[in-house]
Amino acid sequence: MTGIDGDGLVLEDADATGSPLSGEPFYSTTGATANEAAGAAAPKLVAPGSGGSLKRMTRVEELQEMDMDIKEVPGNCSTATSRKSPTTQACCKEAVERLSVTGQMRQEYLRHQRLTSHLEQWWRHLSPTIRRSFEARQADWAAGRQWSGVAVLLTGQVRDGTKQYVAQNIRRNVFKELAGASTMYHIFAVLEYTRFGFSWRGSKNETRDFEDKDVRQMLEVYGGNYTLVEWGAAEKAAAYRDLRAKCLVNHKLRRVYALPLQYMKIKAALQLMRAYEDEFDMHFALVVRIRPDVTYASSLGRLLKSRLDAARAPVNASVPNICGSIGGGLGDAFLLADRASADALGQVAAFVQSCPVDDHCQSWAVTKEACLKVPNLASGSAGMQDEVCTHAWVPSLLRQGVPTTNCGISGMLGSGKP
């Protein structure tokens with residue numbers, strides 16, 4: 001089997017065979033809640049087969065390989081990946097246009113969110129999946145079923161998250177504010193039980209540094225109910241298989257990269273959220289993505305309240321956007337989205353892996369190139385713009401017609417204190 005461990009190590013194909021996953025979610029929807037016994041094990045996946053050889057790749061090598069030209073079958077979008085190919089340009093025309101228009105208009109959308117012409121243009125350039133989400137929200141609003149509550153996606157490596165000062169900071173600045181405003185919320189946690197390592201940059205750490213009880217104690221500090229899934233070796237392998245089955249079937253380059261596997265944790269948390277919504281016949285209004293190892297400089301109460309109010313308003317009240325702060329690529333450690341827009345976050349992994357995202361484009365190189373041409377996407381040097389485009393979440397959302405901005409908050413990794 002081909003595989004990747006999520007820490008910059010790529011498992012080469014032994015024979016390019018193996019049975020891909022079906023369309024079923026790759027996680028367990030029977031996650032334990034805070035009301036269950038403290039010692040209950042987190043849901044696990046059935047581990048796929050193993051095999052192959054390991055090859056370490058640097059991040060530079062990964063990006064170079066992702067941008068390399070691959071000979072495509074003329075007229076076949078499923079194999080058109082070379083950014084110089086007329087076939088690829090034709091297949092990616094819709095994706096590039098949507099990304100470019102949304103990117104160019106993002107500042108105008110932010111300045112004049114309620115302008116009718118802006119609302120009409122925003123609606124016209126939404127991807128089909130995101131448009132359906134907003135249509136569903138609009139229909140529920142008309143029927144008197146208002147979306148409400150906050151879904152908190154807690155994803156990433158645990159790292160310093162179990163330290164009391166970190167957990168208490170998150171409780172005080174995030175969850176205490178939600179509880180104080182009598183806002184219903186639920187935590188959907190997909191966590192890697194490791195202490196260190198920027199996995200998509202190639203740092204290798206395969207140790208399991210925390211027990212399940214340690215992570216549950218951290219979640220108990222936050223307060224509220226939660227659903228917990230440990231992102232272990234089986235989950236990484238299943239995410240790899242999911243990406244390969246859906247994105248690389250016809251590609252000559254049959255490799256899955258570490259960066260999209262990190263976004264697969266967010267996708268898994270979104271899937272847990274949807275399962276919860278289906279079970280209780282409801283929809284959340286606001287989605288917040290946080291990491292367990294980030295501390296905040298001040299309360300997020302005002303930001304959360306204003307965003308929740310906007311998310312509960314009628315669909316055509318203003319042009320929505322997803323904001324990010326802290327971390328790379330204009331801030332991917334903290335993400336805030338209305339529920340309908342949040343579905344776009346589940347497509348970031350597919351975007352980086354050159355999968356079609358509501359269009360025919362299967363070239364990361366072409367869409368990244370379009371991102372680099374978006375004016376005023378990042379302040380400062382061209383290197384900053386390249387970082388934003390490389391981190392992928394901003395261009396992925398623009399490709400789906402969702403404007404992006406900064407949340408305007410500050411914080412830091414929890415390391416640095418005893």
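None of the figures in this text is laboratory data; all of them are computed from the coordinates on show. Since the structure is predicted, the reported quantities are computational estimates derived from the model, not experimental observations. Cβ placement follows ideal geometry from the backbone for every residue including glycine, while neighbour counts extend to all protein chains displayed.
Using the count of nearby Cβ atoms within 10 Å as a rough guide to exposure, how do T88, T79 rank from fewest to most? Each step should come with its number before you reach the end.
On the way: T88 24, T79 21.
In order of increasing Cβ crowding within 10 Å: T79, T88.
To the nearest 0.05, what FRET efficiency results for S299 and A245 with a Förster distance of 41 Å applied to their C-beta separation?
For R0 = 41 Å, the calculated efficiency reads 0.40.
Quick check: residue separation of Q138 and R208 times 0.36 nm, minus the Cα distance between them. What number comes out in nm? Don't skip to the answer; put the middle values down first.
On the way: separation 70, 0.36 × 70 = 25.20 nm, distance 4.43 nm.
Between Q138 and R208, full extension yields an extra 20.8 nm.
Work out the FRET efficiency for A317 and E220 from their Cβ-Cβ distance, taking R0 = 35 Å, and round it to the nearest 0.05. Provide the component values of the computation, followed by the final result.
On the way: r = 37 Å, r/R0 = 1.07.
Once the sixth-power term is evaluated, E becomes 0.40.
When W393, W122 are ordered from fewest to most other Cβ atoms inside 10 Å of their Cβ, what list results?
W122, W393
Rounded, prolate or oblate: pick one for the range 298-418, where a ≥ b ≥ c are the square roots of the eigenvalues of its C-alpha gyration tensor, a/c under 1.5 means rounded, and failing that, prolate if a/b is larger than b/c, else oblate.
Working: a/c = 1.85, a/b = 1.19, b/c = 1.56.
Since a/c reaches 1.5 but b/c is at least a/b, the shape of the range 298-418 is classed as oblate.
Computed FRET efficiency, Cβ-Cβ of Q89 and A181, R0 45 Å: what is it to the nearest 0.05?
Details: r = 49 Å, r/R0 = 1.09.
The value I calculate is 0.35.
How much length would be gained if the chain were fully extended between N406 and M282, taking 0.36 nm per residue of separation minus their Cα-Cα distance, in nm to one decimal?
Working: separation 124, 0.36 × 124 = 44.64 nm, distance 2.88 nm.
So the extension gain works out to 41.8 nm.
What are the ³J(HN,Hα) values, in whole Hz, obtained from phi via the Karplus relation 6.51 cos²θ - 1.76 cosθ + 1.60 with θ = phi - 60°, for each residue of the range 338-355 in sequence order, with x given for Gly and Pro?
Those phi angles translate into 5, 4, 5, 5, 4, 4, 5, 5, x, 9, 4, 4, 5, 4, 5, 8, 6, 8 Hz.
Place the peptides 361-373, 136-148 in order of packing, highest mean first, counting for every residue the other Cβ atoms within 10 Å and averaging per peptide.
361-373, 136-148
Return the subset of K213/K236; K213/K265; K163/K265; K84/K265; K176/K213; K265/K368 for which the Cα-Cα distance in this structure is over 29 Å, preserving the input order.
Details: K213/K236 21 Å; K213/K265 21 Å; K163/K265 22 Å; K84/K265 32 Å; K176/K213 22 Å; K265/K368 22 Å.
As for pairs spanning more than 29 Å Cα to Cα, those are K84/K265.
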